[in-house]
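Undergrad: Okay, here's the structure, questions in a sec.
We did not get these values from a lab; they are worked out from the coordinates using the rules stated. What you see is a predicted model, and the numbers here were worked out from it, not measured in a lab. So basically every Cβ, Gly included, is an ideal-geometry build from the backbone, and we count neighbours across all protein chains shown.
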Amino acid sequence: MKKPLLKRDGLRSGALSLAAIDTAVKKAVASEQILDIHTHVYPPSFGALMLSGIDELLIYHYLVAEGFRYWPGDYPAFWKLPKHVQAERIWQTLFVDRSPISEAARGVVTTLHRLGLQPRQNNLATLRAHFASQKPEAWVTRCMEIAGVRALGMTNSPFDPAETPAWASGLRHDPRFIPALRIDSLVLDWPTTSQLLRGRGYDTTATLTTKTANEMRRFLSDCTKRMQPAYVMISMPPTFRYPNRSLPASIIERVLLPFCAEAGLPLALMPGVRRHVNPSLLLAGDCVGLADLESYSQLIAAHPLNKFLLTALARENQHELCVMARKFRNLHVFGCWWFTNIPSLIEEMTRMRIELLGWSVTLQHSDARVMEQLIYKWDHSRAVIGKVLVEKFCDLSNSGWEVTEQDIAEGVHAVFGGSFEEFMKS
């Protein structure tokens with residue numbers, strides 16, 4: 001076999017210089033069509049669940065919490081305001097009276113700018129008119145194209161009264177929107193949920209009898225047939241322990257994992273949520289807690305035939321999570337979730353994950369709640385992840401590996417959805 005010819009700069013044909021690596025990585029990251037595996041956005045067929053427009057961008061719970069740091073008065077007075085008045089108050093506080101320097105506020109600026117709108121436009125009426133003039137189907141496509149997202153995972157709760165009618169009506173499926181079955185209350189609030197299921201014809205009780213466990217699996221099976229989810233998911237409190245005789249641990253052990261194994265569905269666990277730390281803030285009132293990852297390690301070890309997806313909310317859990325993933329091939333780490341979805345932590349976590357897990361990780365998911373948020377969340381994440389990948393490919397080159405454009409393209413594809421697809425098929 002002939003050896004590759006050396007180029008004039010001393011590199012073999014196809015190998016990139018450090019300057020060329022920088023250019024190639026940035027180009028690959030910017031052009032990659034991403035599989036966004038976890039969001040809270042919906043297509044137009046879900047009706048009012050599809051959030052879009054400037055008012056929805058402004059009343060995002062991150063910005064509501066930020067606004068309350070400046071506002072006098074009580075919380076109930078704000079919640080009594082019409083949505084458009086809430087949006088106007090946030091706009092005035094965070095975008096007119098002050099520079100929008102926080103990540104969530106800057107995200108609105110990025111979104112408007114990428115949509116060709118003037119971020120410093122003080123006239124909300126003009127912005128509202130622009131968004132209102134868009135046709136939903138075409139607008140979804142435009143937002144996804146600007147964001148560079150080829151497909152995305154939804155969050156689909158069978159307990160959401162606003163969502164249930166959409167599935168019952170046989171909605172038209174958009175293949176770009178991938179269902180994911182969210183069942184927090186089934187695991188974490190079973191006594192209440194059992195009454196709900198009894199009202200739907202499932203013979204369940206508040207205690208986990210054999211019959212109740214079978215009926216829970218029947219319910220999950222019915223949901224799966226209706227939704228065709230890619231995975232089942234739960235956000236978990238930091239207090240969860242396994243092995244344990246608690247009701248949540250027993251439901252996961254006796255109901256959920258056997259069902260997932262039989263259905264061939266991964267279980268996505270998202271530990272670290274402390275709910276309603278400030279109930280007056282409603283959705284914005286949740287906080288972060290340190291999860292006991294030893295419990296998740298034991299859970300995964302005890303169920304080698306199940307697949308697990310895992311992302312942790314606390315920064316302090318990230319190193320242990322990466323090390324865990326090295327020990328269990330049935331565990332896939334994904335995303336910088338919620339309070340870790342800020343540039344400083346995305347950079348730190350990306351570097352750690354690449355150094356410990358190579359390409360076998362999904363570095364980010366958007367967690368977007370409003371359609372247009374796909375734009376800024378991916379713009380900001382691409383910039384940070386691209387910076388780290390340039391560094392890592394240059395390190396690889398300096399170590400003696402002749403980096404090629406194919407190396408870069410394959411790696412970028414892996415961390416933006418390709419490794420998740422491989423994990424799902426394995």
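Undergrad: So what does log10 I(q)/I(0) come out to for the range 223-289 at q = 0.22, 0.25 Å⁻¹, using the Debye formula with one equal point on every Cα and no solvent?
TA: -0.97, -1.06
Undergrad: If you stretched the chain out fully between Thr141 and Ser246, how much longer would it get, using 0.36 nm times the residue separation minus the C-alpha to C-alpha distance? Walk me through the numbers on the way to the answer.
TA: Values: separation 105, 0.36 × 105 = 37.80 nm, distance 4.49 nm.
Between Thr141 and Ser246, full extension yields 33.3 nm more.
Undergrad: Next question, about the same structure. Separation between the Leu396 and Ala383 pseudo-spin-labels, each 7 Å from Cα along Cα→Cβ, expressed in nm?
TA: Distance between the two pseudo-spin positions: 2.5 nm.
Undergrad: While we're looking at this one, here's another question. Please state the relative contact order of the range 47-94 as a whole percent: Cα pairs under 8 Å, 6+ residues apart?
TA: It rounds to 52 percent for the range 47-94.
Undergrad: Which entries in the list Lys225/Lys425; Lys307/Lys392; Lys307/Lys425; Lys307/Lys327 go over 22 Å, if you measure between the two C-alpha atoms of each?
TA: Checking Cα-Cα distances, Lys307/Lys392 exceed 22 Å.
Undergrad: If you don't mind, there's one more thing I want to ask. Can you tally the net charge around Ala409? Count Lys and Arg as +1, Asp and Glu as -1, for every other residue whose Cβ sits under 14 Å from the Cβ of Ala409.
TA: For residues surrounding Ala409, the net value is -2.
Undergrad: Return the single residue from Tyr231, Tyr70, Tyr60 with maximal mean-square fluctuation; model: Gaussian network over the chain, springs between Cα atoms under 10 Å.
TA: Among Tyr231, Tyr70, Tyr60, the largest GNM mean-square fluctuation belongs to Tyr70.
Undergrad: Residues with beta-carbon under 13 Å from that of Ala268, excluding Ala268: net charge, scoring Lys, Arg +1 and Asp, Glu -1?
TA: Residues near Ala268 contribute 0 overall.
Undergrad: Nearest 5 percent is fine: what portion of the DSSP beta bridges confined to the chain is antiparallel?
TA: For the chain, the DSSP antiparallel bridge percentage is about 15.
Undergrad: Run the simple label-point estimate for Arg198 and Lys327 please: 7 Å along Cα→C-beta, distance reported in nm.
TA: In this crude label model, Arg198 to Lys327 measures out at 4.2 nm.
Undergrad: Further question on the same structure: Can you work out D for the range 172-314 in µm² s⁻¹ from Stokes-Einstein, where Rh is the Kirkwood radius over C-alpha pairs, the temperature is 10 °C and the viscosity is 1.306 mPa s?
TA: Rounded to a whole number, D works out at 99 µm²/s.
Undergrad: Fewest to most neighbouring Cβ within 10 Å: what's the order for Cys394, Cys143, Cys287?
TA: Going from least to most buried by this count: Cys287, Cys394, Cys143.
Undergrad: Hey, another quick one. At a Förster radius of 56 Å, what calculated FRET efficiency corresponds to the Cβ-Cβ distance of Glu262 and Ile101, to the nearest 0.05?
TA: E between Glu262 and Ile101, to the nearest 0.05, is 0.65.
Undergrad: Just want to confirm a number: the relative contact order over the range 251-355, from Cα pairs under 8 angstrom separated by 6+ residues, in percent.
TA: On the way: 133 pairs, mean separation 25.0, N = 105.
After rounding, I find 24 percent.
Undergrad: Once you charge only the Cβ atoms, +1 for Lys and Arg and -1 for Asp and Glu, what is the size of the charge dipole of the chain about its Cα centre, to the nearest 20 debye?
TA: On the way: 47 positive and 42 negative charges, 94 e Å.
Around 460 debye, computed over the chain.
Undergrad: Can I ask one more? How compact and how long is the range 284-328, expressed as Rg and Dmax of its alpha-carbon atoms in Å?
TA: Just the Cα atoms of the range 284-328 yield Rg and Dmax of 11.7, 37 Å.
Undergrad: Right, another one. If packing is taken as the mean number of other Cβ atoms within 10 Å per residue, what is the order of 323-332, 266-275, highest first?
TA: Numbers: 323-332: 17.1, 266-275: 22.1.
Descending mean neighbour count gives 266-275, 323-332.
Undergrad: What spacing in nm lies between the two simple spin-label points modelled at Thr239 and His113, each 7 Å away from Cα in the Cβ direction?
TA: Label at Thr239, label at His113, 4.4 nm between them.
Undergrad: Here is a further query. Counting only C-alpha contacts under 8 Å and six or more residues apart, can you give the relative contact order of the range 317-426 as a whole percent?
TA: Relative contact order here is 30 percent.
Undergrad: Moving to a separate point now. Calculate, in nm to one decimal, what Thr126 and Ser31 gain on full extension: separation in residues at 0.36 nm each, minus their alpha carbon distance.
TA: 31.1 nm
Undergrad: Kindly rank 94-100, 233-239 from highest to lowest mean number of other beta carbons found within 10 Å of each residue.
TA: 233-239, 94-100
Undergrad: Using only the C-alpha atoms of the range 288-403, find the volume of their convex hull and express it per residue in Å³.
TA: Value for the range 288-403: 120 Å³ per residue.
Undergrad: Suppose R0 equals 45 Å; then what is the FRET efficiency for Leu81 and Arg150 from their Cβ-Cβ distance, rounded to the nearest 0.05?
TA: Computed FRET efficiency for Leu81 and Arg150 comes out at 0.75.
Undergrad: Using only the Cα atoms of the chain, build the gyration tensor, take square roots of its eigenvalues as a ≥ b ≥ c, and label the shape rounded, prolate or oblate: rounded if a/c is under 1.5, else prolate if a/b is larger than b/c, else oblate.
TA: Oblate, because a/c is 1.5 or more while a/b does not exceed b/c.
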